[in-house]
Amino acid sequence: MNLPTEQKGALVNDCENELVDPVNELSEGSPLVEDCYKLADSIPGSHTWYAYGHQQKTLKTNGTCAFGVENVGSGWGTAAKIGNDDIRKAVWLAIDQHGALVNGVKRIAAKGTMQCQQEADPIKRRILAVNWSVYHSK
């Protein structure tokens, strides 16, 4: 995977390091790869996001690119934690594996699953399934 080497702030990893291979959802309406790189690079250091229930939540956008998650491993009252570096890794993996030219323009759209920590369970380290996706911000 071709990852940028410069990081901003502390890395927060609330999800397991191994990401399941993303599914390609590339089309003519997919976001621009350049916008998705900028999205990943603009994520603040030392930050954690929370995903509650079974509802898609957009965590970050830049230009045409959006990154969102859905906590599918718990009920409505339980949150999964997603760290800044977890988002970066998912976006970079999607670009690395599925970024492609569509009518002469480099685009990306992909989705996958990662296993993330439950918010209120730091000692037992219960892991929750989180679906993530890179999509057009509309």
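The values are calculated or read from the model by the stated rules, or taken from the named source; none is laboratory data. Everything numeric here is computed off the predicted structure, so don't read it as measured data. Cβ sites come from the backbone with ideal geometry, for glycine too, and all protein chains shown count toward neighbours.
Within the set G77, G99, G53, G45, the sole residue that is under 20 Å from V20 (Cα atoms) and of a type in the set (G, A, S) turns out to be G99.
Note on the range 68-109: among residues that are within 9 Å of the chain's Cα centre (by Cα) and part of a strand (DSSP E or B), the one that is surrounded by the fewest Cβ atoms within 10 Å (Cβ to Cβ) is G68. Counting just the residues of the range 1-15 that are at pLDDT 85 or above and part of a loop (DSSP other than H, G, I, E, B), which one comes out farthest from Q115 (Cα to Cα)? It comes out as V12. Here G112 fulfils each of the conditions (1) within 22 Å of L11 (Cβ to Cβ); (2) at pLDDT below 90; (3) surrounded by fewer than 20 Cβ atoms within 10 Å (Cβ to Cβ) apart from (2). Taking R88, is it closer than 20 Å to N24 by Cβ and among the basic types (K, R)? Judged against the criteria, R88 is a match.
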